[in-house]
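Worksheet for the structure shown next.
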Number of protein chains: 2
Amino acid sequence: MEAIFTRRSVRSYSDEPVEKEKIDKLLRAGMQAPSAMNKQPWEFLVIQSKKTLIDLSKMSMFAKMVASASLAIILLGDYREGQSQKFFPQDMSAASENILLEATELNLGAVWLGVHPISQRQKYIKDLFKLPEGVIPFSVIAIGYPKNKESNKFVDRYRQDKVHFERY
Amino acid sequence: MEAIFTRRSVRSYSDEPVEKEKIDKLLRAGMQAPSAMNKQPWEFLVIQSKKTLIDLSKMSMFAKMVASASLAIILLGDYREGQSQKFFPQDMSAASENILLEATELNLGAVWLGVHPISQRQKYIKDLFKLPEGVIPFSVIAIGYPKNKESNKFVDRYRQDKVHFERY
């Protein structure tokens, strides 16, 4: 699948806004992810205002590019009913990866910023959006049209020595 | 992207073997996943022998379909050099999701079985393959041609109430 092989972490964006239809497609892609027992614990917080993007870019020294992104999608896990969080990272990561791949497919550039399990970053987002108890920040995905249109391109990461047959 | 929207958890497989070229493609898709600091902590253990598939199917009551799969790919994290495991579930989940999507693209059916963080399942795999200390089982993906060719199909999981703009 082409998007899997050409997706890169894209951290520089043009000023061109991302169409509403594309944002909708990204969210739909996230929600199609597999989740343990099909529980779909995710919630999506879409940020497009310049002010909030700048606030969000101060989450960590690795989040600076958020300030110049067209939008950011914050993935949250909703565990307000006391559900098991055993597969929280798995479920949320599958949704995050789907969004990155769909972005690539739509000629956008995106990068996944890790939030969970770094408590300082989680607290930053909880405080910024006054999240209720039980709604847990997982990741931030910064998205925009790539400044350099060649940003998404195949770089071979295959390593034969990482493949084992029948025994380790 | 079609595979994102048509992928389902497929648990019944035909006897048709999966071509070597497709297995190679699945592994390559896994290795193209994003990982924290691009560390690519993954290793892939490919199981095709009937005997080992049956052994693996006894990992838990949810793993029975592995016995009738054409193959299983066991995803392992390699932390033998004492690397940080902070983003272990994220990195391995992105690789797992890539494999599921590539399987869909190749007209295969696949299902993701959670292993980490369930210590009983992790021990089962560690013991079965005599894994060295620091090599950590993460997931098992059972794969085959679907018994029912219509298994992968679009089921709409979109939920408007899970989308929030600017504030939660």
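The values are calculated or read from the model by the stated rules, or taken from the named source; none is laboratory data. Predicted model, so just to flag it, every value in this text is computed and none were measured. Neighbour counts are summed over all protein chains in view; Cβ atoms, including those assigned to glycine, are modelled from backbone coordinates with ideal geometry.
In region A:146-163, the residues that are touching a residue at least 24 places away in the same chain (Cβ under 8 Å) reach residues that are among the aliphatic types (A, V, I, L, M) with C-beta atoms within less than 6 angstrom, at least six apart or across chains, in these pairs: A:PRO146/A:VAL10; A:SER151/A:VAL10. From the list B:GLN120, B:GLN90, B:GLN85, the one residue that fits, being surrounded by fewer than 19 Cβ atoms within 10 Å (Cβ to Cβ) and either part of a loop (DSSP other than H, G, I, E, B) or within 11 Å of chain A (Cβ to nearest Cβ) (or both), is B:GLN85. Note on region B:22-54: residues that are assigned to a helix (DSSP H, G or I), closer than 28 Å to A:SER96 by Cα and in contact with a Leu (Cβ under 9 Å, 6 or more places away or on another chain) total 6. Counting just the residues of region B:19-55 that are away from every other protein chain (no Cβ under 11 Å) and either of a type in the set (A, V, I, L, M) or crowded, with 19+ Cβ neighbours inside 10 Å (or both), which one comes out nearest to A:MET61 (Cα to Cα)? Checking each candidate, the answer is B:LYS22. Of all the numbered requirements in (1) within 9 Å of chain A (Cβ to nearest Cβ); (2) over 17 Å from A:VAL163 (Cα atoms); (3) part of a helix (DSSP H, G or I), B:ALA103 misses one, and that requirement is (1). When restricted to residues that are polar (S, T, N, Q), in contact (Cβ under 8 Å) with a residue 12 or more places away in the chain and under 27 Å from A:LEU113 (Cα atoms), region B:7-53 contains 3.
When A:ILE4 is tested against (1) assigned to a helix (DSSP H, G or I); (2) more than 8 Å from chain B (Cβ to nearest Cβ), just one condition goes unmet, and that condition is (2). If you go through region A:149-168 and pick out every residue that is at pLDDT 95 or above and under 30 Å from A:PRO17 (Cα atoms), you end up with 5. Pairs are defined by a Cβ separation below 8 Å, a sequence spacing of at least 6 or placement on different chains, a first member in region B:60-85 that is among the aromatic types (Phe, Trp, Tyr), and a second member that is crowded, with 20+ Cβ neighbours inside 10 Å and not in a loop (DSSP other than H, G, I, E, B); the pairs so defined are B:PHE62/B:LEU113; B:TYR79/B:PHE88; B:TYR79/B:ILE136. One residue stands out among those in region A:133-168 that are out of contact with any strand residue (DSSP E or B) (no Cβ under 7 Å at 6 or more places or on another chain) and either at the interface with chain B (Cβ under 8 Å from one of its Cβ atoms) or acidic (Asp, Glu) (or both): the one that is farthest from A:LEU71 (Cα to Cα), which is A:ARG167.
Just one of (1) in contact (Cβ under 8 Å) with a residue 60 or more places away in the chain; (2) assigned to a helix (DSSP H, G or I); (3) of a type outside the set (Lys, Arg); (4) more than 7 Å from every other protein chain (Cβ to nearest Cβ) trips up B:ALA110, so point out which. For B:ALA110, the failing item is (2).
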